């Protein structure tokens with residue numbers, strides 16, 4: 001091996017080390033997801049989402065693309081029809097209108113881009129778009145979920161299911177949806193495979209439905225009924241025949257969003273409901289989340305997300321192998337919710353050797 005070969009090998013080893021470090025940083029911030037696939041041709045930004053190719057000349061940043069992606073998923077006819085409705089507007093339309101209003105009040109930088117913290121409407125819209133993209137790019141979007149997203153009184157539940165599915169994907173789990181045409185209600189939302197052990201676990205998602213939970217609309221109240229018992233009971237009616245993880249979203253309104261009393265009330269409701277009929281053997285973990293963005297008003301910055309409260313069964317019927325690892329991966333993935341690349345190149349590593 002001559003000196004040129006030695007120098008080339010050193011460069012290759014250095015590049016591999018840099019590539020691994022870049023991969024580690026990306027996984028730490030965004031989770032174990034497929035990278036953004038894009039290229040710019042004659043001023044048009046091309047983006048691949050799963051097996052679908054899209055392009056537009058106005059997609060300068062990744063959020064630019066996300067703002068349009070919801071419209072592409074929900075389809076033009078639905079969007080135009082619902083934008084004309086003046087009463088009982090769909091939450092997505094409300095978010096979009098308030099996002100545009102918020103943007104108009106921000107100053108553009110010299111390069112024509114915005115740099116600002118976001119309000120609840122804008123954050124809600126972008127996060128939904130990112131979850132839709134994440135699932136479509138890493139697996140597939142269910143037609144039934146998209147159908148429910150379009151319906152006002154089914155929107156919150158469908159939105160939360162997308163959050164839970166994307167959480168497992170960021171954590172590196174492989175997921176498989178159960179039969180969405182089966183109306184028996186016996187099956188969970190999806191089955192997740194733990195990559196380190198190959199074990200399959202069932203996952204169920206339930207959301208507490210509330211009106212106007214994103215913005216401060218009602219007088220401040222000192223307490224609120226969490227209403228978790230019915231959600232837990234409905235989740236436990238499933239019979240997955242596997243280890244079972246349940247996600248329940250409290251969907252708290254702004255006035256009580258960050259009150260410590262919520263934790264005490266949750267524990268109280270849980271103990272009161274299951275004191276005589278313990279349910280430990282029916283599940284492995286229950287994540288009580290509150291993932292919906294909230295702000296004081298339309299012009300205020302969105303609040304930080306609350307850390308989920310987790311109930312862990314002491315005697316489940318079916319154990320999760322390496323349950324501590326599973327818990328750690330899911331907690332980390334939940335903490336990554338809201339981390340969205342701004343530039344298309346942020347997740348791309350230059351493999352050129354000079």
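Data for the structure
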{"quantity": "Matching residues, region 267-306, being crowded, with 20+ Cβ neighbours inside 10 Å and not in a loop (DSSP other than H, G, I, E, B)", "calculated": "285, 286, 287, 288, 289, 295"}
{"quantity": "Residues within region 203-224 that are at pLDDT 95 or above and more than 18 Å from the chain's Cα centre (by Cα), tallied", "calculated": "0"}
{"quantity": "Test for residue 15: is it at pLDDT 90 or above, in a helix (DSSP H, G or I) and on the phi < 0 side of the Ramachandran plot", "calculated": "no"}
{"quantity": "Selection within region 123-140 - surrounded by 20 or more Cβ atoms within 10 Å (Cβ to Cβ) and touching a residue at least 60 places away in the same chain (Cβ under 8 Å)", "calculated": "123, 124, 126, 127, 129, 130, 132, 133, 134, 137"}
{"quantity": "Tally of residues being buried (at least 16 other Cβ atoms within 10 Å of the Cβ) and either outside any helix (DSSP H, G or I) or modelled with pLDDT under 95 (or both) across region 319-335", "calculated": "1"}
{"quantity": "Residue 167, sole failed condition from (1) out of contact with any helix residue (DSSP H, G or I) (no Cβ under 8 Å at 6 or more places or on another chain); (2) more than 24 Å from residue 75 (Cβ to Cβ); (3) at pLDDT 95 or above", "calculated": "(1)"}
{"quantity": "Every residue from region 83-96 that is in contact (Cβ under 8 Å) with a residue 24 or more places away in the chain and either farther than 29 Å from residue 145 by Cα or not in a loop (DSSP other than H, G, I, E, B) (or both)", "calculated": "91, 92, 94, 95, 96"}
{"quantity": "Tabulated pairs, region 266-281, first more than 23 Å from residue 243 (Cα to Cα), second at pLDDT 80 or above, C-beta under 7 angstrom, 6+ apart or interchain", "calculated": "266/228; 266/288; 266/309; 269/228; 269/229"}
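The values are calculated or read from the model by the stated rules, or taken from the named source; none is laboratory data. Just so it is clear, the structure is predicted and the values come from calculations on it, not from any experiment. Note that we place each Cβ from the backbone using ideal geometry, even for glycine, and neighbour counts take in every protein chain shown.
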